[in-house]
Each structure stands twice: as structure tokens, then as C-alpha cells.
């Protein structure tokens with residue numbers, strides 16, 4: 001079944017079963033491997049992308065329901081102001097260790113800042129609780145979100 | 001530390017050729033120093049300066065640093081690059097990093113002797129080799145510049161990828177020097193920087209791996225993409241050790257995108273156009289598992305066994321004071337702490353991409369054990385190891401899970417059934433279910449408190465041995481069996497006999513050796529050449545032959561046999577024979593060490609002493625002995641090492657009577673022949689330890705000797 005999506009601002013058409021999760025379309029058909037497979041059941045957040053600016057878990061999102069929607073992945077999030085700020089803060093604070101969960105972390109953080117420009121700790125907890133990190137970078141993630149929001153070193 | 005590397009089987013032959021101690025040492029993979037050797041990496045092309053395994057500089061000055069340890073998030077790529085660049089004085093902004101290929105000779109971790117990243121050893125093990133590699137490359141670049149300018153290399157300085165000659169104001173970039181430097185030779189000894197001169201080490205620099213990790217460009221093993229690649233996922237029996245029984249693939253075959261069902265002995269995999277097809281196909285399979293020997297084993301049973309074991313007495317690691325009395329005093333507290341099985345649960349699920357061709361196999365994965373993965377893949381593919389290429393990647397979490405090769409072996413076995421490259425990705429469910437779990441442990445603690453102080457303390461640890469995975473033969477019956485080998489009376493007798501033999505032989509041979517060397521070096525006499533020949537004889541003759549000669553001379557049928565039997569003396573198949581045979585074999589060591597030394601030192605000082613009225617003994621003790629003492633000590637140590645390890649000659653005269661005429665090497669052979677591997681390896685490890693102690697003593701003495709000079 002031919003489906004068309006706008007991915008990172010560009011229209012993309014592909015053939016995929018309607019029940020195929022967006023994650024595998026991105027990774028295995030379109031070759032956008034920045035979005036990660038972690039659990040396949042929306043429990044870890046590694047596969048987080050934006051649909052029309054909202055964070056979603058692409059591993060359980062059937063592509064058949066998405067025709068015509070706008071998808072942003074880690075490869076394209078830097079084009080938005082919130083995404084670019086988050087990426088810069090992530091670099092400045094050296095948030096990352098192994099990095100496997102960080103595409104998802106950055107996507108969740110960018111969506112948070114786009115909707116809540118000055119999040120407090122409870123906003124951060126609520127927005128980021130679905131993204132787990134096996135290296136335990138949570139403390140730096142929180143600091144980096146605050147820095148991205150304020151533009152200052154926290 | 002959970003590094004696991006099975007030692008290669010020590011062949012029977014190696015055990016029987018008398019080189020047991022050294023064979024055992026090698027099997028332990030003692031640190032190798034190949035990393036320091038200026039071996040040209042195999043993939044270097046012309047026009048690059050490639051002084052060692054870690055550094056390549058092309059003519060544009062681009063500096064490629066090859067990473068011997070893998071990046072799993074711990075930051076080692078940045079640390080390794082900083083150490084190399086520091087001593088190289090590289091332009092840090094022009095540095096690019098490359099994953100090392102599988103090559104144990106070039107990239108073995110000096111802490112393990114294998115190409116492994118684990119146990120928090122990277123900096124500790126590579127600190128010096130990397131600095132030496134950087135400094136040595138720098139020296140070669142300086143040499144090339146100095147030669148071009150016809151100046152003293154010592155008058156040149158380096159910084160930021162350039163060699164400078166300050167006096168004349170001349171400069172050459174490393175890129176410009178690359179070709180000339182490549183034809184130079186690495187220096188033998190190279191000075192390392194003083195910490196005060198560090199420009200990179202000690203600074204908090206930005207990580208090399210971060211930029212690509214914030215923009216999605218990073219490539220982990222799971223991100224490998226190849227033209228015409230297929231995707232696969234697999235299932236294994238839910239019970240460890242189980243096999244595939246019956247598979248009904250009729251529904252799965254009809255799933256869109258499913259290309260192939262691979263059914264192996266213990267694995268079922270579905271190959272499709274993408275992971276989704278593979279996953280749906282796997283779900284559609286009806287698999288009957290043959291659950292095998294562990295079918296009825298449950299966590300409950302395992303805990304029950306462990307709790308029962310933890311109530312038994314174990315091996316005492318340390319005991320101080322009267323524990324029973326201490327625990328009976330004051331208020332007693334008892335506690336048990338239990339740690340469950342745990343999966344490593346790396347964020348990046350296990351995966352491996354493989355392309356098997358008739359004559360080659362290429363692998364894309366993220367692993368902590370490059371060379372092992374290569375050799376295991378070769379076995380699985382049925383190809384020689386050099387036909388297997390492994391492309392390593394950044395790793396989305398290792399924690400020791402990727403110190404195992406199982407995911408690679410499984411992928412190769414699947415890929416053998418697939419035309420073209422296939423990426424095998426484990427679902428999270430398989431990843432957790434088929435982890436190699438952190439083992440269960442139960443620690444029981446009893447303590448008593450009196451007046452706020454601990455007066456009694458007993459700590460017992462019960463669990464599976466990690467070392468047992470390193471040394472399966474020695475430990476497959478548990479650490480208790482290993483240690484109890486030493487309390488076996490026959491083993492104890494063998495240890496005693498070995499030490500006794502050495503205690504008799506070494507002093508006697510020292511005495512003979514000094515006397516013979518003295519006579520040969522200082523005097524001219526008839527039969528001198530006969531004596532020299534006699535000293536060299538044991539080296540020329542096989543030890544087995546010397547043993548047989550003793551049997552011919554002293555055996556029951558031998559020249560003195562009748563007389564010995566009549567007078568009730570036993571030499572052959574008894575301790576005196578062992579001592580005599582050992583003495584013969586070890587006779588040359590002291591003398592051979594001393595003769596050249598004494599000859600070189602000459603007679604002048606002795607003649608002067610005698611002229612001044614000193615007697616023979618006084619001359620020897622006051623003049624000769626002080627001059628030869630280091631050679632003497634060295635000879636004694638060699639003699640001792642050989643005496644404890646001698647196999648051939650002793651084997652012939654001993655008769656292998658357990659507990660009476662078995663020395664340690666003979667006892668090891670007896671145990672090994674009886675398939676008592678635990679005992680054999682336990683005694684072998686002790687003998688190895690004695691050999692290591694000997695070598696340490698030798699090194700210490702040499703070191704002191706050098707310092708004395």
C-alpha cells in the first residue's frame with residue numbers, strides 16, 4: 001500500500017503494510033536509522049519522533065493511520081528552534097554516554113520546549129518519564145533542558 | 001570483571017613434553033607487548049605515515065587514530081585519542097578516529113592478552129603503550145625533519161602537528177613529513193612527556209562521539225545498512241539448552257514480506273524485507289520446543305540449592321581470632337542478602353549483520369571482543385579466520401553482554417542459509433530471555449556487637465564462580481574441588497618431593513658448578529676439555545636418555561643392581577634416583593653461567609692477591625666470589641627452576657609411585673591421565689606459581705644488580 005508522509009519537511013512515498021509501525025518504515029525502508037528500536041512496546045522511548053510536533057513512540061504507531069501527516073525525526077529536529085537549542089545544550093553539557101536512548105531523549109525534550117518554553121522540574125519529569133537511559137544520564141538531561149530553556153549554563 | 005575467554009585446550013602433547021609450566025603460562029594469556037611493536041597495520045596504503053598500529057598520518061596532515069578499545073559510552077575513544085595525540089603533539093583538530101579491525105597481535109588489551117574491552121582496564125592497560133606509540137611516532141617525524149634540514153633532532157621542537165627548528169625559523173607539517181618519516185625506523189627508547197608539559201591530558205575536552213549522537217548520524221551495529229540487505233529476527237527455546245522440536249511455517253510463509261524461514265537445531269529465524277515482516281512471520285510460526293535437560297528446572301530449585309549450599313562450610317579465605325567465641329559474645333545479628341539473576345539489558349538490542357559468501361564472511365556489529373568474534377564467526381561459517389572480516393561499531397551499551405560472541409554465532413548460522421547480507425536483530429523479549437545472566441548470589445553474614453563494637457564477624461559468599469568461566473578445566477567442579485586438590489595426600493607428597501629434590505640438588509650443583517667453573521677458568525690442567533665436555537653433556541643429551549643411563553647403571557638388571565639389592569639400597573624407583581637424575585640434568589646451569597664470566601674477568605686480581613700473601617680460600621671468598629655473585633645467583637635460580645620442573649629424566653627413574661616417587665610434574669601427568677583435570681590443573685597452577693616466583697626473584701636480582709653497577 002503506497003503511503004505518503006512528510007518526513008523532516010520532505011514528502012516521502014513508500015509501500016508498506018498498513019499495520020507496520022512507523023519505526024520500521026523509517027529505519028528499514030527509508031534508511032533513517034537515527035530513530036532507535038529499544039523495546040517495540042512503547043516502554044523505553046528510544047523510538048520517539050514528532051507527529052505534527054507532538055512526541056510519539058514510533059514503534060507502536062501504525063503507518064496506515066498517518067497518511068499525509070508531518071513526521072520529524074532526530075535527523076531533522078535541528079531545523080526547529082527548540083530542537084537546535086536542545087542539541088546545543090546536549091553538546092555543551094556532554095549529556096551523552098552510549099547515546100542509544102538519546103535520539104528519543106532529544107525528541108522528547110525538544111517537544112517539551114516547543115510547548116513549554118520554561119519548564120519546571122515537574123514539567124520535565126512529566127515529559128521525560130517515558131524515556132529511559134541505561135547509562136543513567138538523567139541528571140545531565142535535566143540540566144541540559146534547563147539550559148536550553150534559559151540559554152544560560154545552569 | 002566479567003571478561004570471559006575460554007583457554008585453549010592444552011594438548012596432551014604439550015603436557016607430556018615437559019614444557020608444562022610455560023605451556024600453562026601461555027594458556028593463561030599473560031600480557032603481551034605486541035602493542036608496542038612497530039608492526040605495520042595491514043591496511044596501510046602508500047603515502048601514509050604508519051609508524052605503529054595506532055597512528056596514521058597522510059600527506060594532507062589528516063591524523064587517523066585507531067582505537068584499540070571499543071566505545072560503549074565510557075568515553076574511551078576521546079581518552080585514547082588524547083593520550084596518543086598528547087605524545088604525538090598532533091593537531092587535535094585534524095584528528096579522526098577509526099575502529100580497530102580484529103587483530104589480536106596489534107590490538108590486544110595488555111591487561112588480558114586478548115582484544116577485549118572490559119573490566120575497567122582500558123586506561124590502566126593502554127596508558128603506557130599508547131604514550132610510547134605517540135612519542136615514537138613523534139620522534140620519527142622529528143628525525144625526518146632534522147634530516148631534511150641537516151640539524152640535530154634535539155634542536156627541533158613539535159607542537160600542533162608541526163616540527164619546528166626555532167634557531168633557523170624553519171617548519172614542516174606532519175603531513176609534509178609523512179612520506180619521509182615512513183621510511184625511518186622507530187627509536188628503541190623514547191622519552192615520554194613530563195606531566196607538567198601535558199597540553200591535552202588532564203583537560204576536560206569535548207567527546208569525539210557526541211556530535212553524531214545528537215543529530216542521528218551515529219551508526220551503531222544495529223544501524224548497519226547494506227544494499228539488498230534482508231532483515232531477520234529469531235527465537236530460541238524458552239528453556240536454556242532446549243532445542244527446536246517441530247515447526248509449522250504454513251501461516252508464516254504467507255505473511256507479506258516474509259522471504260525465508262530458517263530452522264536450525266536450536267534457533268528458528270524468519271528473514272524478511274524488514275524487521276516488521278520478520279517479526280510478524282515469527283509470531284505466525286507454530287514452534288514446538290524440545291525443552292531438554294532443564295525442562296523442569298525452576299528459579300525456585302536454583303534458589304533452594306543455593307540456600308542449601310550457603311548453609312554448608314565453604315573454603316575459608318581468611319580467618320582471624322576465635323570467631324566462634326567472638327560471635328558468642330554480645331548481641332548477635334544474622335542477615336542474608338540475595339542477588340537475583342539479572343539481564344544486562346543493553347539499550348541497543350543484540351544484533352549482528354552478516355554477509356556469508358562461499359569463500360568469505362563479513363560482519364557488522366558492535367562487540368567488546370573483536371578477535372574472538374572473528375574466530376567464533378569463522379568456526380560457525382566453516383571458513384579460515386582470515387576470510388572473516390569484522391566491522392566494529394559504536395556500542396549502545398555493553399556492560400559485559402557484548403563480551404560474549406553468541407549473537408554473532410547465531411547470526412552467522414542464520415546468514416549461511418540466506419543469499420546476500422542479512423541483519424539479525426533480537427526482539428527485546430529474546431534479548432532479555434536469552435541473556436547470559438549475572439549469576440544469583442547469596443551472602444550470609446553473622447556479626448555480634450558488644451559495647452557498640454563489632455566483636456565477631458562471619459561473612460560467607462555463595463554463588464557461581466566467575467573464574468570458573470576462565471579456567472573451566474580447573475574449576476568445573478568448583479573452587480572447593482580446586483583447593484581440596486592440595487590437601488590430597490598424594491599431591492602433598494608430590495609437592496614435598498619436588499621441594500626436597502630441589503633442596504638437595506641446588507646446593508650440591510652450586511658447589512660443583514662453582515668448583516668446576518673455577519678450575520676451568522683459572523687453571524690449566526690435564527683433562528680440562530674432558531671436564532668441559534662433561535658439563536655440557538646434560539644439555540646435549542635428552543633427559544630421557546640420561547634417566548635410562550641411571551636405570552642401566554643402578555637398576556635391578558644394571559651394573560650395580562645386584563649389589564644394591566643385596567645391601568638393600570634402592571636408587572631406581574626411589575628418591576635417590578630422582579635426586580641423581582635431577583642433579584645430572586641441572587648440572588650445567590651454575591657452571592655454564594660462571595665459566596664465561598670468570599674467563600672474561602681474568603686472573604689478574606687473583607694473582608695480585610696471591611702475591612700479597614692471600615691463601616686459596618681467602619682469594620676465592622674475598623676476590624673471586626664478589627665479582628661473580630650476580631652470575632652465580634642467576635645460575636642458582638636457573639638450576640632451581642629446572643630442578644622443580646624436570647620431567648623426562650625423572651619420569652624414567654621415578655616409577656610413578658603415587659605419594660612416594662611422584663614429583664609435581666609427574667603427578668600432574670598421572671592426574672591428567674586419570675582425567676582428573678581439576679587436580680591436574682590445580683597442581684599445574686601451583687607449579688606455574690613456583691615458576692613465576694622464580695622469575696620474579698630473578699628479575700628483582702637482575703634489577704638490583706643493574707642498580708648496583
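The numbers here are math on the coordinates, done by the rules we state, and not lab data. Small disclaimer: the values here were computed from a predicted structure and weren't measured. Ideal geometry is used to build each Cβ from the backbone, glycine not excepted, and the neighbour counts take in all protein chains shown.
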If one compares the long axis through the Cα atoms of helix B:275-284 with the longest principal axis of the Cα atoms of chain B, the angle in degrees, nearest 10, works out at 90
Please identify, among A:13, A:103, A:122, the residue showing maximal mean-square fluctuation in a Gaussian network model of chain A using a 10 angstrom Cα cutoff.
A:122
What is the P(r) of the stretch A:2-72, as percent of Cα-Cα pairs per 10 Å bin from 0?
23, 62, 15
Calculate, in nm to one decimal, what residue B:459 and residue B:486 gain on full extension: separation in residues at 0.36 nm each, minus their alpha carbon distance.
7.3 nm
Top mean-square fluctuation among A:47, A:59, A:135, Gaussian network model of chain A, C-alpha springs under 10 Å?
A:135
Taking neighbour counts of Cβ atoms within 10 Å as a proxy for exposure, in what order, fewest first, do B:386, B:148, B:132 appear?
B:386, B:148, B:132
When DSSP assigns beta bridges and you keep just the ones with both residues in chain A, what percent turn out antiparallel, to the nearest 5?
85
Expressed in nanometres to one decimal, the distance between label points 7 Å along Cα→Cβ at residue B:567 and residue B:360 is 7.7
Once both labels are modelled 7 Å past Cα along the beta-carbon direction, what's the residue B:128-residue A:10 spacing in nm?
5.3
Tell me, B:55, B:114, B:610 in order of fewest to most beta-carbon neighbours within 10 Å?
B:610, B:114, B:55
Net lengthening on full extension, residue B:389/residue B:328 (0.36 nm per residue, minus Cα-Cα):
15.6 nm
Based on the alpha-carbon set only, what is the convex hull volume of the stretch A:78-150 divided per residue, in Å³?
73
Taking the Cα centre of each part, how many Å lie between the stretch B:298-324 and the stretch B:101-133?
37
How long are the semi-axes of the equivalent ellipsoid of chain B, taking √(5λ) for every eigenvalue λ of the Cα gyration tensor, in whole Å from largest down?
54, 41, 27
Against the longest principal axis of chain B, how steep is helix B:406-415, in degrees 0 to 90 to the nearest 10, with axes from Cα atoms?
60
In whole Å, what are the Cα extents of the stretch B:519-640 along the three principal axes, biggest one first?
55, 26, 25
Using the Kirkwood formula on the Cα atoms of the stretch B:34-211, what hydrodynamic radius do you get, in angstrom to one decimal?
16.3
Rounded to the nearest Å, what's the spacing between the alpha carbon centres of the stretch B:67-96 and the stretch B:173-221? Just the number, please.
5
What does the stretch B:315-424 give for Rg and for Dmax, in Å, if only its C-alpha atoms count?
23.2, 74
Once each part is reduced to its C-alpha centroid, what is the distance from the stretch A:70-111 to the stretch B:595-617 in angstrom?
83
Virtual paramagnetic centre 7 Å along Cα→Cβ of residue B:189, amide N under 16 Å, in the stretch B:134-155
B:136
Hydrodynamic radius (Kirkwood) for the stretch B:486-708, which is based on Cα pairs only, to one decimal in Å
19.1
Over chain A, with a Gaussian network built from C-alpha contacts below 10 Å, which listed residue (A:119, A:55, A:17) shows the highest mean-square fluctuation?
A:17
For helix B:677-708, what angle does its Cα long axis make with the longest principal axis of chain B, in degrees from 0 to 90 and rounded to 10?
70
Spread of Cα-to-Cα distances over 10 Å intervals beginning at zero, given as percent, for the protein assembly as shown:
2, 10, 14, 17, 18, 16, 11, 6, 3, 1, 0, 0
